[in-house]
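**Q** Got a structure for you, written out below as structure tokens; questions coming shortly.
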Amino acid sequence: AYQKVTFYRGLEFYSQGNYSQALQLFDKSVAERQDNRMVSRATYWKGEAEYALNRFKDAQATYTTFKNLPQADKTPEYKNVNYSLGYAAFKMKNYEAAANAFDAYTKSATDANKKTDAYLRLADSQFVNGKYWAAMEAYNKVTENKGSDADYATFQKAISYGFVDRNDTKITELNKFISSYPNSSYVDDAMYELGSTYSNMNKSSDAINTFNKLISQYPKSTFASKAMLKQGLVYYNTKDNAKALERFKKVVSDYSGTSEAVEAVENARLIYVD
């Protein structure tokens, strides 16, 4: 009875956000060792409390212990352990382990929302590891389910094409994203990526026009100053020094004190030297 009481009281503390108290009670429940199923449940929730306390390494070890306990697979928590393991590894930036755990979870997940989220974190882990085609496949799963993160997944998939030398496809996908998700918080990111891609492909006119849209539509975006600086560089690279100077001077006047302003001054100096 004491093993059960400490476990359920621990759950109450956990639901109230009192994770330290919850952890102490889960430890007491585990220490009783009367009922193997209850030991397993308390061990899992001990890991959840450690995770909530940002003790990710401890949480990862506890989740792993839970998986190997007798009766663990008979608990309601067992179906979520790979999801929890994935997040613990993700928080520690161990993206290979995170990808493996999230992939395992998606294969048996019954919770649709968690499954979509697992695909998203699987995709992010693959993206960081440079496995862009695998990342795009996982991002596709997220967009298919049309969840709240569909815009983010679509954007990430679009920029992934740039890393596999498919810049034409990247441009197409970014333009499609901007038209499909006009209210997304990633539209200014997409415009900046699109303008930069045009610039890298020497499509100067398209780059300038795209950056103009970004600056006019999102003047308070953190990308506005970067876009203006890029415009100056595009003009400079096409030998239009007068327009380049105008852009660099505007960066300095409108965004003084930023790193873009410092770079604009340096670029303007090069023009005067020329």
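**Q** Could you check the stretch 210-274 for helices (runs of 4 or more DSSP H) lying wholly inside it with 3 or more residues that are within 30 Å of SER179 (Cα to Cα)?
**A** 222-237, 241-254
**Q** If a residue must be farther than 15 Å from THR258 by Cα and either touching a His at 6+ places or on another chain (Cβ under 9 Å) or crowded, with 20+ Cβ neighbours inside 10 Å (or both), how many such residues does the stretch 219-233 contain?
**A** 2
**Q** Checking the condition open to solvent by 40 Å² or more (accessible area, probe 1.4 Å), part of a helix (DSSP H, G or I), farther than 19 Å from TYR132 by Cα and free of Cβ contacts under 8 Å to residues at least 24 places away in the same chain, which residue from ASP103, ASP73 passes?
**A** It is ASP73.
**Q** State whether the residues of the stretch 1-12 include one that is acidic (Asp, Glu), at pLDDT 95 or above and within 23 Å of ALA138 (Cβ to Cβ).
**A** No: zero hits.
**Q** Take the residues of the stretch 1-35 that are outside any helix (DSSP H, G or I) and farther than 17 Å from ASN54 by Cβ: which is least open to solvent (accessible area, probe 1.4 Å)?
**A** Per the stated criteria, the residue is ASP35.
Quick grid of which residues meet (1) part of a loop (DSSP other than H, G, I, E, B); (2) closer than 24 Å to GLY162 by Cβ; (3) open to solvent by less than 40 Å² (accessible area, probe 1.4 Å):
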position: ALA61; (1), (2), (3): no, no, no
position: TYR83; (1), (2), (3): no, no, yes
position: ALA98; (1), (2), (3): no, yes, yes
position: SER108; (1), (2), (3): yes, no, no
position: ASN140; (1), (2), (3): no, yes, no
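**Q** Output the residues belonging to the stretch 146-199 that are of a type in the set (A, V, I, L, M, F, W, C), surrounded by 18 or more Cβ atoms within 10 Å (Cβ to Cβ) and within 21 Å of LEU122 (Cβ to Cβ).
**A** Those that are of a type in the set (A, V, I, L, M, F, W, C), surrounded by 18 or more Cβ atoms within 10 Å (Cβ to Cβ) and within 21 Å of LEU122 (Cβ to Cβ): ALA150, ALA153, PHE155, ALA158, ILE159, PHE177.
The values are calculated or read from the model by the stated rules, or taken from the named source; none is laboratory data. All figures in this text were calculated on a predicted structure; none of them were measured in a lab. For neighbour counting, all protein chains shown are included, and Cβ atoms are generated from backbone atoms with ideal geometry for every residue, glycine included. Quick note on the areas: whole protein, heavy atoms, side chains included, nothing else; ligands and nucleic acids left out. Shrake-Rupley method; radii C 1.70, N 1.55, O 1.52, S 1.80 Å.
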